[in-house]
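S.K.: Just dropping this structure here.
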């Protein structure tokens, strides 16, 4: 069997692509290889916030990197779509409330929702970084359902007690919190 990345990063259509960039860069340092997928809206937001690159890896990471394997959202035959493959964790950053709703209802319509469903059923680590404010009662109930099912809900709330000097410091704080969960 060929080597498969141990972690999948999914990017959905909420603001906060800068978190995806930071997580992907740090995962590459730590893991050596990373799986990446994105919704159509996730790529659109990443291109809007980070720079308009045609290649999805470049759009999110800022440059190409052969250690990142990009899986199309329609790739149900990829390693993350099944519990039979040896992968460890999934991070959805940013995670839209539409994605949260589909996950809470058990609706798997693409690789993102299928891989998250696999993570929950196989008791693998699933970290959701919801980027929405304020939260409606429906959002809160869906997040509660996912937390009860075993997902880690990690809103990107930066800390200020370390006296951040830049946006990169704020993002880095959240990225390290995310990575501390996988």
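The values are calculated or read from the model by the stated rules, or taken from the named source; none is laboratory data. Quick caveat, the model's predicted, so the values are computed rather than measured. Note that each Cβ is placed from the backbone with ideal geometry, even for glycine, and that neighbours are counted across all protein chains shown.
S.K.: From the list 8, 43, exactly one residue is buried (at least 19 other Cβ atoms within 10 Å of the Cβ) and outside any helix (DSSP H, G or I). Which is it?
M.R.: 8
S.K.: Does residue 54 fit the bill of being closer than 22 Å to residue 110 by Cα, at pLDDT 90 or above and either more than 16 Å from the chain's Cα centre (by Cα) or not in a loop (DSSP other than H, G, I, E, B) (or both)?
M.R.: Criteria not met by residue 54.
S.K.: Of the numbered conditions (1) over 14 Å from the mean Cα position of the chain (by Cα); (2) farther than 17 Å from residue 114 by Cβ; (3) free of Cβ contacts under 8 Å to residues at least 40 places away in the same chain, residue 102 fails exactly one; give the number of that condition.
M.R.: With (1) over 14 Å from the mean Cα position of the chain (by Cα); (2) farther than 17 Å from residue 114 by Cβ; (3) free of Cβ contacts under 8 Å to residues at least 40 places away in the same chain applied to residue 102, the lone miss is (2).
S.K.: In region 121-129, is there at least one residue being in contact with a strand residue (DSSP E or B) (Cβ under 9 Å, 6 or more places away or on another chain), under 18 Å from residue 9 (Cβ atoms) and outside any strand (DSSP E or B)?
M.R.: The answer is yes, given that some residue of region 121-129 is in contact with a strand residue (DSSP E or B) (Cβ under 9 Å, 6 or more places away or on another chain), under 18 Å from residue 9 (Cβ atoms) and outside any strand (DSSP E or B).
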